[in-house]
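Worksheet: one structure, shown below.
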Ligand code: GLY
């Protein structure tokens, strides 16, 4: 390894739709749910339905290849390629101009190496491009046109990422932005503007030798200013892996995760001895604190984490008893859904 590379290595290191909050209750007691862990384990930041879709191919890939990186990539690719998911990859929700721009990152514990892409257009599987940045370059992050050129250099084919469903959702949003511009929504009044969603998926895994890897992939904030980069491709924000400790990933409002180095914070709290559940809750509380308290928070973030033992944690800022944040994992005992905790209870309209 060349000295600069070595230096860099040393340094490195709900689907969450926005609800309309109409009622906030404070002082919720959130019991810490503990569960004995085991490895190997692969988890994702989704519940039953997307959890099964993502983890079934991931677990199968692991059984065949014994490569935890191949396994989590196979899982993340499923979500990226599925147009039914409007927050990741193909069919993701576009930016202000109607263009889908994808962010993704990957990190591998044994080498403490990582790679990411930001603002990648026309490529359905950005996490696979991020993996190539990690494995086939001396860089950590590529963005925009350079990331696209790099993907094409490696044989990726440009495709239109905007599905009809995503285009119509974007058009209605644009038409409802203001009553003082020249666009009108259809007269049927079907579309009800909501807070703009973000959605993302984290896929984390530990192999039978205790080696840890993680991926985060997203189309980012719906209607974002073109060029906006969220937390997902930023190592330490949307994803962090430390082979001695564990891994963490974030979904939700990326700006808050960036300014708290959220996933790095979760992993460092686990290093200090916190259970993954406590560490995820700690990061949520930190975001609430820097925003001036629970009364000031009208967005959501969610963290998932796994420690070296294969114990998991999951916490969000907002939620309710019917919509607890959750994650799904697969270990030698099979498929599980794990219900996490939230800090602020909200009712959804
Ligand atoms: N967490 C995804 C984003 O904010 O872009």
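Provide the packing ranking of 270-282, 96-108, 144-156, i.e. peptides ordered by the mean count of other C-beta atoms within 10 Å per residue, highest first.
Averaged packing, sorted descending, gives the order 96-108, 270-282, 144-156.
Counting neighbouring beta carbons within 10 Å and listing from fewest to most, the residues 55, 132 come out as 132, 55. Computed extension gain for residue 135 through residue 66, at 0.36 nm per residue and net of the alpha carbon distance, reaches 23.0 nm.
For residue 172 and residue 339, calculate 0.36 nm times their separation in residues minus their Cα-Cα distance, and state this gained length in nm to one decimal. It would help to have the intermediate numbers written out before the result.
Details: separation 167, 0.36 × 167 = 60.12 nm, distance 3.39 nm.
Length difference between fully extended and current span is 56.7 nm.
Given 4 °C and 1.567 mPa s, compute D for the chain with the Stokes-Einstein relation, Rh being the Kirkwood radius over Cα pairs; round to the nearest whole µm²/s. Working shown, then result.
Working: Rh = 20.0 Å.
Estimated via Stokes-Einstein, D reaches 65 µm²/s.
Once the Kirkwood radius over Cα pairs is known for the range 28-158, the Stokes-Einstein relation at 37 °C and 0.692 mPa s delivers a diffusion coefficient of 206 µm²/s. Relative protection proxy for 284-296, 81-93, 326-338, from highest mean packing down: 81-93, 326-338, 284-296 (other beta-carbon atoms within 10 angstrom). As a test, work out the antiparallel percent of DSSP beta bridges whose residues both lie in the chain, rounded to the nearest 5. Of those bridges, close to 85 percent are antiparallel.
Could you sort the peptides 165-178, 58-71 by per-residue average Cβ neighbour count (10 Å cutoff), highest mean leading? Before the final figure, lay out each step's value.
Working: 165-178: 15.9, 58-71: 19.0.
Order by mean packing, descending: 58-71, 165-178.
Using the C-alpha atoms of the range 258-297, what convex hull volume per residue, in cubic angstrom, is computed? Spell out each step's value before the answer.
Details: hull volume 2.3 nm³, N = 40.
In the range 258-297, the Cα hull volume divided by residue count equals 58 Å³.
Every read-out reported here was derived from the displayed coordinates using simple, explicitly stated rules and does not represent laboratory data. Please read these numbers as outputs of a predicted model, since none were measured by experiment. Quick reminder, even Gly has a Cβ in these numbers, built from the backbone with ideal geometry, and neighbours come from all protein chains shown.
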